[in-house]
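Take a look at the structure set out below.
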Amino acid sequence: MKITMKKFNFLIAVLIVALGVTACSKNDYEPYDYQKYLALEAPIVERYADSVAAALGTVAIEDSTGIWYIVLEPGIQEPAEGNGYYKYNINANSIEAPRVRVNYTGKVIPSGRVFDQNNMKEANYLRLNDVVYAWQAAFLPKYMENEKGELKYNNIGMGILEKGLQKGAKVRIFSPSPYGYANQARSGIPANSPLDFSIEVLEVRVPAVTN
């Protein structure tokens, strides 16, 4: 079963520029064409997501990005004293990027080959602003409060889920390469590879204090 979700992609051009991915030759410069790869990879990612959904359940798409996902466990849905709920915020038009601790596995689409997996110990955290955009889209909620307590639409990070990812959540996301590593090859990941991530959220914490 498939579900589609439409949402306005406000800053996609800025996002791609921020990735800093380009293709170059000796004598000329050619900008990275993210739309080309989104179109080329869309049927590949969809077929792969469908094959996974046959065993795990409903798969949905955030169709402004082409990222498919399955929510296996919703995690904490409401704040309560001591339950570890994290409140995502927008301050001065920028997102407070929390630290996250997760168990995860990364696979290359369509082969399903594992390129990375990690069970993060208590002292280890990732900063959300340091991970690939597909993770940011999964973690960030659709709406966040600003410093005035006003609920604002997340046109900065395009969240997939209503409340984002909280402690206890388990998700599977299937991302086209522009929201992974684009045309940059990484260890175990060829250039222009769509990616499959299984993520179990162990903890979401406030950003680290920096001087």
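Going by amide H atoms built from the backbone, whose H comes under 5 Å of the H on PHE115, apart from near neighbours?
Under 5 Å from the amide H of PHE115: GLY106, LYS107, VAL108.
In whole Hz and in residue order, list the ³J(HN,Hα) couplings for the range 180-187 that follow from phi through the Karplus curve 6.51 cos²θ - 1.76 cosθ + 1.60, θ = phi - 60°; x for Gly and Pro.
x, 10, 6, 8, 9, 6, 10, 4
Could you check the simple spin-label distance between GLN35 and ARG205, using points 7 Å along Cα→Cβ, in nm with one decimal?
With each label placed 7 Å out from Cα toward Cβ, I get 4.3 nm.
For the range 41-88, what is the per residue volume of the convex hull drawn over the alpha-carbon atoms, in cubic angstrom?
Numbers: hull volume 4.7 nm³, N = 48.
Given the Cα convex hull of the range 41-88, per-residue volume reads 99 Å³.
At what distance in nm do the modelled label points of ALA123 and ALA185 sit from each other, each positioned 7 Å from its Cα along Cα→Cβ?
Taking the two extended label points, one gets 3.6 nm.
For every other residue with a beta carbon closer than 9 angstrom to the beta carbon of LEU126, add +1 if it is Lys or Arg and -1 if Asp or Glu, then tell me the sum.
For residues surrounding LEU126, the net value is +2.
Report the far tail of the P(r) of the range 61-146, meaning the percent of Cα-Cα pairs longer than 22 Å.
Of all Cα-Cα distances in the range 61-146, 36 percent exceed 22 Å.
Suppose each label sits 7 Å from its Cα in the direction of the beta carbon; what would the SER64-SER111 distance come out to in nanometres?
Distance between the two pseudo-spin positions: 3.4 nm.
Please list the non-local residues whose amide H lies under 5 Å from the amide H of LYS163, H modeled 1.01 Å from N, same-chain partners needing a gap of 5 or more.
LYS142
Throughout, read-outs are computed from the coordinates displayed, never taken from laboratory work. Quick caveat: nothing in here was measured; it's all calculated off a predicted structure. When we count neighbours, we look across all protein chains shown, and the Cβ atoms used for this are built from the backbone with ideal geometry, even at glycine.
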